[in-house]
Every structure is written in C-alpha cells, then in structure tokens.
Amino acid sequence: MESRRNFLKKTGGFTAAMCSGIGLSALLQSCTTIKNVDVKYANKKLSVAKLDLGEEGITILRNDKLSAGVYLIQHDEGYAAYLMLCTHKNCELQPTGTFMTCPCHGSEFSNKGEVLTGPATEPLHQFKVTEDDTHVYVWLD
Ligand code: FES
C-alpha cells in the first residue's frame, strides 16, 4: 500500500498543502509546483542529482538528519541553499514559490534568505553549495 505522503507528492496535494495557510494574493502569486526530494547525506554534505531538481529552479531537500528542509534555488549566479528554519523562533518555513513564509508569526524571507517581513530580523542560514556535471552538493556546517 502506498503511503499518504507519496500519494500526495504524486497528486500534487503536497504542494497544495504547502500553500495552505497563506493569504489569497500570496497564494495566487506563489503556488507553483515545488519539488521535494529525499537526498543522501555523506561526508558532511547532501547530494542531489541534477536530474532530480525541480523544473522551476527550486527544490526542497529533505533528510532525516535535518531539523528542517533545505531550500535549494538556482539563481543566475549559481545555486544557493538555505535552511528553512525561521530565525525568529525556529519554526520550519513554508516555501511559497519565490519566497518563504513562517506559519508561526508571519515572517517572510526572500529566495536569497533575506528578511522581507518580521518579526524575524536575521537572514536565513546559508550553506555552501558546489556542483559537478551530474550533482549539486550542499555542505552542512
Ligand atoms: S518563528 Fe517565524 S516568525 Fe516567529
């Protein structure tokens, strides 16, 4: 029998669930499909195959060793990765397309980890990212 999580991922319900709890205007602007990928952790880094990355340039990396997902985005200047943990009081952020929102007290962060709306005042933790021809590597501190 298929797990509920896998079913929701395949049907898009997972994305819809990530979009719940935000305002209608933000919902309309931001409910793009964001791919979640369970990734390997070895030698102090997460590794994800480029073929597994989301088509929109944003992928949420998941691993049991992490307290929250890692928001991996491809900017013009290359890949960047941010821990999706709010710097106000450590709630896990919800990716909403081009930014991330905190379900606890409403902080918003840009796709470059900058605070857009408080009460958070500190940017998101950013990880070093490297790549080769086939994979992207996110180096955990
Ligand atoms: S924990 Fe995110 S705004 Fe308070």
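Taken together, the values in this text are just the output of simple stated rules run on the coordinates, not laboratory data. Not measured: the values here are computed from a predicted model.
Bridgeable aspartates and glutamates around Lys44 (alpha carbons under 16 Å apart, same-chain partners fewer than 8 residues away excluded): Asp64, Glu131, Asp141. Multiplying the residue separation of Asp141 and Ala42 by 0.36 nm and removing their Cα-Cα distance gives an extension gain of 34.4 nm. Could you go through region 83-90 in sequence order and give the Karplus-derived ³J(HN,Hα) for each residue, using 6.51 cos²θ - 1.76 cosθ + 1.60 with θ = phi - 60°, rounded to whole Hz, and x for Gly and Pro? Using θ = phi - 60°, the values come out as 6, 7, 10, 4, 7, 7, 9, 6 Hz. For region 105-115, the Karplus equation 6.51 cos²θ - 1.76 cosθ + 1.60, evaluated at θ = phi - 60°, returns couplings of 9, x, 4, 10, 10, 6, 6, 10, x, 7, 6 Hz by residue, with Gly and Pro reported as x.
Mean sequence separation of contacting Cα pairs (under 8 Å, at least six apart), scaled by the length of region 40-101, corresponds to a relative contact order of 19 percent.
Close amide H partners of Leu53, meaning residues 5 or more places away or on another chain with modelled amide H under 5 Å apart, do not exist here. For region 94-103, 3J(HN,Hα) computed residue by residue from phi via the Karplus equation (6.51, -1.76, 1.60; θ = phi - 60°) reads 10, x, 10, x, 8, 8, 10, 10, 9, x Hz, glycine and proline entered as x.
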